[in-house]
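I have placed the structure first, in the form of structure tokens, so that the comments after it can refer back to it.
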């Protein structure tokens, strides 16, 4: 996306420090390569705690469909800067996520930040998500 990114992270430190590291590293590199002192990040960030496996899957789908909704491509796998793109190596799905159950209401969708709830229902094709484990 030309004006924003979506990231699913499992920080090993505080969320604020993890985001500071991401923003700082990318800012440094962009300013160095572009020769600019212009700020590229807004102040703050939006966060959402993933509640269970279903919530995780919804957010991955939302992220993968973002370039399709913005008309950068027709299918998620066509956008080269997305984890849906072939060859993009993903970390494993976080361990310890509560599996979805049929008898519980889906409250994650109701409690999320409004822009996170606008997953299009007219998606004709969703590519499967394949996580590759990293080897040492």
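The values are calculated or read from the model by the stated rules, or taken from the named source; none is laboratory data. Owing to the predicted nature of the structure, the values given are computational and were not obtained by experimental measurement. When we count neighbours, we look across all protein chains shown, and the Cβ atoms used for this are built from the backbone with ideal geometry, even at glycine.
Miscellaneous remarks
- Every residue from region 1-40 that is modelled with pLDDT of 85 or more, surrounded by 12 or more Cβ atoms within 10 Å (Cβ to Cβ) and assigned to a loop (DSSP other than H, G, I, E, B): 6, 8, 9, 10, 11
- Checked against the criterion of being assigned by TED's automatic domain parsing to the domain that holds residue 95, within 30 Å of residue 97 (Cα to Cα), exposed (fewer than 13 other Cβ atoms within 10 Å of the Cβ) and under 13 Å from the mean Cα position of the chain (by Cα), the candidates 62, 81 yield just one match: 81.
- Single residue of region 41-50 satisfying the filter (without any contact (Cβ under 8 Å) to a residue 60 or more places away in the chain and surrounded by 13 or more Cβ atoms within 10 Å (Cβ to Cβ)) that is farthest from residue 98 (Cα to Cα): 41
- Considering (1) exposed (fewer than 12 other Cβ atoms within 10 Å of the Cβ); (2) farther than 22 Å from residue 22 by Cβ; (3) touching a residue at least 12 places away in the same chain (Cβ under 8 Å), the lone condition that residue 54 does not fulfil carries the number (1).
- Selection from region 73-101 of residues that are farther than 19 Å from residue 9 by Cβ and free of Cβ contacts under 8 Å to residues at least 40 places away in the same chain: 73, 74, 78, 79, 80, 86, 87, 101
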